[in-house]
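Read the structure below first, then the notes.
The values are calculated or read from the model by the stated rules, or taken from the named source; none is laboratory data. Remember, predicted model here, so these are calculated numbers, not experimental data. Here the Cβ positions follow ideal geometry from the backbone for every residue, glycine too, while neighbour counts run over all protein chains shown. Please note that ligands, DNA and RNA were not included when accessible areas were found on the heavy atoms of the full protein model with its side chains. Shrake-Rupley method; radii C 1.70, N 1.55, O 1.52, S 1.80 Å.
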Amino acid sequence: VRGGRYGIYTKYMTSGAHVDFYNNIVYDCTYDGITFDNSLATVSANAYNNTVVNSGRYGIQVGYDYGAIYAVKNNIVQGSGTADYANIAYIDDGATNISSDTSAPGTGYDNVIVTFIDEASDNYHLVLSSPGFDEGTDLSSDGKLAFSTDIDGGLRPFGDAWDIGADEVGSF
């Protein structure tokens with residue numbers, strides 16, 4: 001997802017609704033990369049293995065806690081204007097997220113800059129030696145959202161462990 005005010009945005013979800021966002025690359029948004037706005041409803045949402053780069057305000061923002069359940073795992077967010085992650089106090093389940101500032105939720109990696117194959121040409125696949133390589137949480141048996149592929153349809157893990165972000169290095 002490239003450009004626009006928001007990359008991925010949920011709003012006006014009804015009580016009991018659920019949404020999953022995983023294996024996305026979102027970049028160059030003028031406002032937020034991924035925003036969950038539950039509009040006062042009891043909902044659940046998962047953001048897993050996304051790569052969000054160069055958002056004008058927030059990379060990943062969860063809305064308010066009106067009984068919502070948010071899980072945010074294995075995401076890379078860097079280069080956001082205000083903060084990479086917003087409202088992390090409302091995240092119920094956070095694991096192995098990377099931020100270029102100090103906002104990563106869960107067992108995150110703060111102040112980390114990952115290296116992409118060719119950011120100038122919008123190629124946001126990880127470089128083999130980058131932070132995030134073989135450092136992710138295995139989500140293949142995750143109780144909320146289980147999967148084992150990357151953005152290109154390649155299998156996870158390729159190597160010793162899952163990679164953080166949308167791409168699994170070396171997996172095609």
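Which loop chymotrypsin sites (Phe, Trp or Tyr not before Pro) in the range 1-47, with loop taken from DSSP, have no more than 12 other Cβ atoms within 10 angstrom of their Cβ? For chymotrypsin sites (Phe, Trp or Tyr not before Pro) across the range 1-47 that sit outside H, G, I, E and B with at most 12 neighbouring Cβ atoms in 10 Å, the list reads Y12. For the range 6-99, the set of trypsin sites (Lys or Arg not before Pro) satisfying both a DSSP loop assignment and a count of at most 16 other C-beta atoms within 10 Å is given as K11. Residue-normalised convex hull volume from the C-alpha trace of the chain: 97 Å³ per residue. Take the Cβ atoms of T107 and F147, set R0 to 22 Å, and the FRET efficiency comes out at 0.65. Rolling a 1.4 Å probe over the heavy atoms of the protein chains gives the range 13-172 an accessible area of 40 Å² per residue. At an R0 of 30 angstrom, the distance between the Cβ atoms of K11 and D122 translates into a FRET efficiency of 0.65. Taking all protein chains as they are arranged and a probe of 1.4 Å, the heavy atoms of S141 leave approximately 100 Å² accessible to solvent. Residues considered: D101, D84, D122. Largest GNM mean-square fluctuation over the chain, using C-alpha springs under 10 Å, is found at D122.
For the range 42-172, the share of DSSP beta bridges that are antiparallel, to the nearest 5, is 15%.
Atom-type composition of the exposed protein surface of the chain places 50 percent of the accessible area on carbon and sulfur (1.4 angstrom probe).
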